[in-house]
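The structure appears below as structure tokens.
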Amino acid sequence: MSDPTPAPKTPHPTPAAGMGALVSSLKHVVQNRGVVRNLRSLFRVNQPDGFDCPGCAWPEPKDTSRVGEYCENGVKAVTFETTAKRVTPDFFARHTVGWLRGQTHHWLENQGRLTHPMRYNRVADRYEPVSWEEALALIGMTLRALDDPNQALFYTSGRTSNEAAFLYQLLARRFGTNNLPDCSNMCHESSGTALTEQIGVGKGTVTLEDFDHADAIFVIGQNPGTNHPRMLSELQRAAERGAKIVTFNPLREPGLVSFTHPKHPLRTLLGRGTAISTHYYQVLIGGDLAALTGLCKHLLEMEAADSGKVLDRPFIDAHTDGFDAFAAQVAAADWPTIERESGLTRDQLLEAAEVYRTAKGVIACWAMGLTQHKHAVATIQMVVNLLLLRGNVGKPGAGACPVRGHSNVQGDRTMGINERPPQAFLDGLKSAFGFDPPRHHGHDVVGAINAMADGSASVFIGMGGNFAAATPDTEFTEAALQKCALTVHVSTKLNRSHLCPGRDALILPCLGRSERDVQATGPQRVTVEDSMSMVHASVGSNPPASEHLLSEVAIVCGIAEATLPDGDIDWAEFRTDYRRIREKITATLPHLFADYETKVDHRGGFYLGNPAHDRTWKTATGKARFLAHPIHPHVLPPGQLRLMTVRSHDQYNTTVYDLHDRYRGVHGTRMVVFLHPADLAARGLNDGDAIDLHSHTPEDGLTRTARGFRAVAYDIPPGCAAAYFPETNGLVSKDSFAHRSRTPLSKFIPITVTPAAGG
Ligand SMILES: Nc1nc2c(c(=O)[nH]1)N[C@H]1C(S)=C(S)[C@@H](COP(=O)(O)OP(=O)(O)OC[C@H]3O[C@@H](n4cnc5c(=O)[nH]c(N)nc54)[C@H](O)[C@@H]3O)O[C@H]1N2
Ligand SMILES: Nc1nc2c(c(=O)[nH]1)N[C@H]1C(S)=C(S)[C@@H](COP(=O)(O)OP(=O)(O)OC[C@H]3O[C@@H](n4cnc5c(=O)[nH]c(N)nc54)[C@H](O)[C@@H]3O)O[C@H]1N2
Ligand SMILES: [Mo]
């Protein structure tokens, strides 16, 4: 599985984006062939009548001159879908699954778009073409033969439209299960859990306009230069008008240091990027809870010295509860513990607290650097505690901003893709469709892996995504998938999950976002929701990659018709006219989606609203809640390092576009580990040496090994290490997951590093 590994170069401190971004994206347009088609698609992305960028969930600006803003990684996401390369039945005739398993993620997805429904032939170890009728009948027959509907798993990745997601959960619940694991379980589940309890809604409270009014923006555990490039424009504009950008990140991420807007590449040549972070704190991996406690402690001490001048007392009194217990907990935390656990000094935290204190409006943004930790929920609640101290929720230029990943991951949750659905959603479903949906909780991602492994689940259906590669414990999870009676993947590209077939297995190729979706009543549009609760339409215009593709909606309807008894739900009507789906979404969620069809006609879509944004708190106590959390010390045995697994600049999750990570200065390989020079020296290693990684997970006491890496000396705190996912997912135990949210601990893997065996 390893890529060839020439020794990588060390990072170069040029501003992010700029000319390099233009060169890199043009290369992707050309490499994916079909240059005209690619360019035409790029002009339609994120236009009001075009399709939603499949890149990330960052919203579109309202300012029309900025709509369709250029984004290097958006270009990669689009050209990867609109590529002219094809994976045809002929391709599968040439390659056995065994042979394909020897190829890298990069190679697999670079073969092009899937063109035909395929069924696995175990004897030949090959996928062979199958008709849609046969494929759907096989799914229906297998599902109906189960003793219990809870033996089936319905996984969702976050690209699925609202319409397809709504029908997919309807299918699962009508069939009788809440087994709806999704990529959120590995992503922002910790944010949802934390925010729901604390402010009554599991979504961010800011809108894009707030970025124009904030005096300080805290960016905690997030790498927007690579993963949300359009957010850098917001940060740049804020920095240019004098707002403070305060970053907490173990790595010095070039995109957060300085940035040149790709519209002005010449500025890079002249060396004039905008400095982004005014304050950069290289916190230890997992040290944020301690750092945030330190910030709050400073603020409480400042308030004690200058009563009434620091905290927003009227807000705290009118809108919150739990302040005294929280303040007592913070007061009890001692500075030596805070400094040791955060890796930051008391003075550094004082400097950050001063920025916070003197800002009228503060936005706190975060992503996977906070969510994929053991105490992620507590840490995120500490971010919100910090915001509440000065009333930084529900006023302009302020709020909580969990920056979501997949382009419709937030919409999928709104549509009921949730293994622990809110009872109100199920009540809505019942009144819209007249059946009793199951009320018990279903399996999340970790639960799904265990259920396949112990045989209590035997049918896996994946609506997009790459379950085998995105989840932890790769070897274990791949074996678990292969124990299933049937695995089904609705996909656009070939990936590792297809190569872990159950006894029976199907690959069902679907339309992508950029493609025209024409049904019996004519062209259809779908809708999506971004990270800031804006819902808008997405309309593809390219001809489909193959005449045999079906839309995700049509595939779900087909599975439903083959599986469920005739009668209560008219699936054919949904497939024929997607407006009928939206009517049912409105019937299920009338408070959010009244006048759905009219509202999506609005340029830029419509705002779903967020009670916390208006200071209405739908929590257990009816208030925003200060929640006290002790610092949990991290104690690793001597010689162990904390490894975080991150994304390179040339990947989209498990989709590897290319083998470079331009900003971090790595070229031609992904098999690298970023280490502090002192940690290299302590092991007798040099920059560029071949190394092996061994993880030691306390949860199961096992040691797992990954080989074939190179050491890269990097600007990272001692004791910390970074490597790319998914190559390192085999090091993560399925039993290591966050308290309460059960998110796998992809950012805190205890490892030892040794010189490569035999090398
Ligand atoms: N081009 C591109 N865009 C994407 C994606 C992609 O793969 N490629 N993926 C999409 C998805 S699904 C998601 S969820 C988002 C992910 O967006 P990010 O969360 O930005 O992605 P990661 O690469 O996981 O980066 C995590 C960042 O957190 C830092 N970090 C790690 N551990 C800690 C810690 O303990 N404390 C702090 N303070 N920082 C820490 C890392 O150094 C890194 O900078 O991006 C989305 N957008
Ligand atoms: N170690 C480690 N593991 C992680 C993470 C980490 O930071 N570190 N991050 C986690 C996070 S945040 C996430 S969100 C998950 C991601 O987990 P997933 O969402 O499961 O994985 P992706 O790699 O995004 O899925 C890629 C596949 O989606 C399919 N696809 C692309 N577009 C479409 C479409 O329009 N329709 C359909 N049906 N299929 C499509 C293609 O076949 C492609 O192969 O990974 C998680 N895993
Ligand atoms: Mo994600």
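Couple of notes before you dig in:
- Single residue of 667, 696 found to be more than 22 Å from residue 368 (Cα to Cα) and not assigned by TED's automatic domain parsing to the domain that holds residue 101: 667
- If you go through the stretch 240-274 and keep only what is out of contact with any Gly (no Cβ under 9 Å at 6 or more places or on another chain), closer than 26 Å to residue 407 by Cα and modelled with pLDDT under 95, you end up with just 263.
- Some residue of the stretch 590-611 being in contact with a His (Cβ under 6 Å, 6 or more places away or on another chain), surrounded by 13 or more Cβ atoms within 10 Å (Cβ to Cβ), not assigned by TED's automatic domain parsing to the domain that holds residue 465 and not in a helix (DSSP H, G or I): yes
- Within this structure, residue 145 passes the test of being at pLDDT 95 or above, among the aliphatic types (A, V, I, L, M) and over 23 Å from residue 57 (Cα atoms).
- The residues of the stretch 342-352 that are touching a Leu at 6+ places or on another chain (Cβ under 7 Å) and part of a helix (DSSP H, G or I), listed by number, are 342, 349, 352.
- Residue 113 among the basic types (Lys, Arg) and either closer than 16 Å to residue 504 by Cβ or in contact with a helix residue (DSSP H, G or I) (Cβ under 9 Å, 6 or more places away or on another chain) (or both): yes
- Search result, residues across the stretch 648-705 that are acidic (Asp, Glu), out of contact with any strand residue (DSSP E or B) (no Cβ under 6 Å at 6 or more places or on another chain) and either part of a strand (DSSP E or B) or open to solvent by 50 Å² or more (accessible area, probe 1.4 Å) (or both): 661, 699
- Any chance residue 570 is surrounded by fewer than 24 Cβ atoms within 10 Å (Cβ to Cβ), at pLDDT 95 or above and away from ligand 3 (no atom under 16 Å from the Cβ): yes
- Selected residue [over 30 Å from residue 576 (Cβ atoms), assigned to a loop (DSSP other than H, G, I, E, B), among the small types (Gly, Ala, Ser) and in contact (Cβ under 8 Å) with a residue 12 or more places away in the chain] from 192, 158, 202: 202
Yes/no matrix, rows are residues, columns are (1) of a type in the set (S, T, N, Q); (2) within 30 Å of residue 337 (Cβ to Cβ):
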residue	(1), (2)
595	no, no
598	yes, no
604	no, no
619	yes, yes
629	no, yes
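- Any hit, the stretch 558-574, residues being in contact with a helix residue (DSSP H, G or I) (Cβ under 9 Å, 6 or more places away or on another chain) and closer than 30 Å to residue 207 by Cα: no
- Given (1) surrounded by fewer than 22 Cβ atoms within 10 Å (Cβ to Cβ); (2) part of a loop (DSSP other than H, G, I, E, B); (3) over 23 Å from the mean Cα position of the chain (by Cα), number of the condition residue 116 does not satisfy: (1)
- Being in contact with a helix residue (DSSP H, G or I) (Cβ under 9 Å, 6 or more places away or on another chain), open to solvent by less than 10 Å² (accessible area, probe 1.4 Å), within 16 Å of ligand 3 (Cβ to nearest atom) and not in a loop (DSSP other than H, G, I, E, B) is a description that does not apply to residue 535.
- Search result, residues across the stretch 354-385 that are in a helix (DSSP H, G or I) and surrounded by fewer than 22 Cβ atoms within 10 Å (Cβ to Cβ): 354, 355, 357, 358
- Scanning the stretch 212-227 for residues that are within 16 Å of residue 57 (Cα to Cα) and more than 6 Å from ligand 1 (Cβ to nearest atom), we see that the one that is nearest to the chain's Cα centre (by Cα) is 224.
- Which listed residue, of 123, 97, is crowded, with 18+ Cβ neighbours inside 10 Å and either within 22 Å of residue 226 (Cα to Cα) or more than 22 Å from the chain's Cα centre (by Cα) (or both): 97
The values are calculated or read from the model by the stated rules, or taken from the named source; none is laboratory data. The structure presented is a predicted model; accordingly, all values stated were derived computationally and were not measured. All Cβ positions, glycine included, derive from the backbone under ideal geometry; neighbour counts span all protein chains shown. Calculation scope for accessible area: heavy atoms of the full protein, side chains included, ligands and nucleic acids excluded. Shrake-Rupley method; radii C 1.70, N 1.55, O 1.52, S 1.80 Å.
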